[in-house]
1. If a/c stays under 1.5 just call it rounded; otherwise compare a/b with b/c (prolate if a/b is bigger, oblate if not). Do that for segment 29-118, with a ≥ b ≥ c from the square roots of the Cα gyration tensor eigenvalues.
2. So, with +1 on the Cβ of K and R and -1 on the Cβ of D and E, and no other charges, what is the size of the charge dipole of segment 1-154 about its Cα centre, to the nearest 20 debye?
3. For the chain, calculate the relative contact order in percent as a whole number, restricting contacts to Cα pairs under 8 Å that are 6 or more residues apart.
4. What is the Cα centroid distance between segment 27-53 and segment 72-151, reported in whole angstrom?
5. Which angle between 0 and 90 degrees, to the nearest 10, do you get for helix 187-197 versus the longest principal axis of the chain when only C-alpha atoms count?
6. For segment 86-93, in order, what is each residue's ³J(HN,Hα) by Karplus, 6.51 cos²θ - 1.76 cosθ + 1.60 with θ = phi - 60°, in whole Hz (x at glycine and Pro)?
7. Candidates (1) 52, 35, 34; (2) 66, 51, 41; (3) 72, 48, 22; which is the computed Cα extents along the principal axes in Å?
8. Per residue, how much accessible area does segment 1-144 have with a 1.4 Å probe, in Å²?
Amino acid sequence: MAEKIYLSFHNKIFDKIIKKKRIEIIKIIENEINSKEIYDCVDIGTTSDIENESSNFIVKNIQNLKKIKSFSNQYITDSFFCSTVQGSITEQLSQDIIEKLKSDVVLSSATIEHVGSREKQKNMIKNISLLSKKFFVITTPNKNYPIDFHTKLPLVNMLPNKMFRKILKLMRFEFFSKEENLNLISYSDIKNLINESNINEFFNIKIKYIRLLFFKSNFIIIGTKK
């Protein structure tokens with residue numbers, strides 16, 4: 001009983017910290033993107049959950065967006081989105097999907113670490129650039145932050161990927177031990193993905209970050225069309 005009370009208290013505190021972190025990310029996005037230049041947005045990796053306040057929190061709290069679309073591998077019924085498309089952001093997009101989803105802003109919050117291999121992450125970035133008329137924003141947790149936000153385990157995420165996955169499996173985090181479900185990204189990984197995808201030929205790229213307990217906890221990659 002005491003353990004359950006402790007875990008409940010721990011999770012509530014953790015959720016409050018995460019919410020504060022998301023609000024800080026929103027402020028950075030709004031400071032970097034001129035609201036007078038944007039009308040529509042497509043959210044990449046939308047979750048179908050409509051019960052929790054944390055679901056799709058960032059796209060639902062950015063100010064001045066008039067038309068918001070969704071592109072997800074899940075079936076989205078949330079009426080907040082004016083249109084939804086179900087598909088994979090790591091596969092080649094048809095011209096019909098590009099035309100339907102293309103928007104002033106493309107937003108992907110905490111999704112790129114869940115799409116699989118580095119090759120798939122690179123494909124995702126390329127597709128995001130194809131869908132952007134003016135800006136794109138990609139947020140992701142820092143692999144080298146001292147705590148993994150998914151498992152809440154300390155330090156193990158900072159280990160080489162193979163060792164990290166073995167430890168997760170041993171600790172019965174079977175789902176997150178698989179690359180297709182969790183593939184965390186460091187600052188150097190972001191730089192490599194940007195260079196290999198060649199998006200910096202068409203976009204000016206900024207890599208911002210927020211801190212949590214003095215360490216860089218999350219990266220915010222912002223692209224502005226040249």
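The values are calculated or read from the model by the stated rules, or taken from the named source; none is laboratory data. Treat the numbers as computed from the prediction; the structure is a model and nothing was measured. Note that we place each Cβ from the backbone using ideal geometry, even for glycine, and neighbour counts take in every protein chain shown. Accessible surface is based on the protein model in full, side chains and every heavy atom, while ligands, DNA and RNA are left aside. Shrake-Rupley method; radii C 1.70, N 1.55, O 1.52, S 1.80 Å.
1. Taking the square roots of the gyration eigenvalues as a ≥ b ≥ c, segment 29-118 is rounded.
2. Taking the Cα centre of segment 1-154 as origin, the dipole is about 340 debye.
3. Worked out over the chain, it gives 18 percent.
4. About 12 Å separates the Cα centre of segment 27-53 from the one of segment 72-151.
5. In the chain, helix 187-197 runs at an angle near 30 degrees to the longest axis.
6. 9, x, 10, 6, 9, 9, 4, 8
7. Answer by label: (1).
8. That works out to 54 Å² for each residue.
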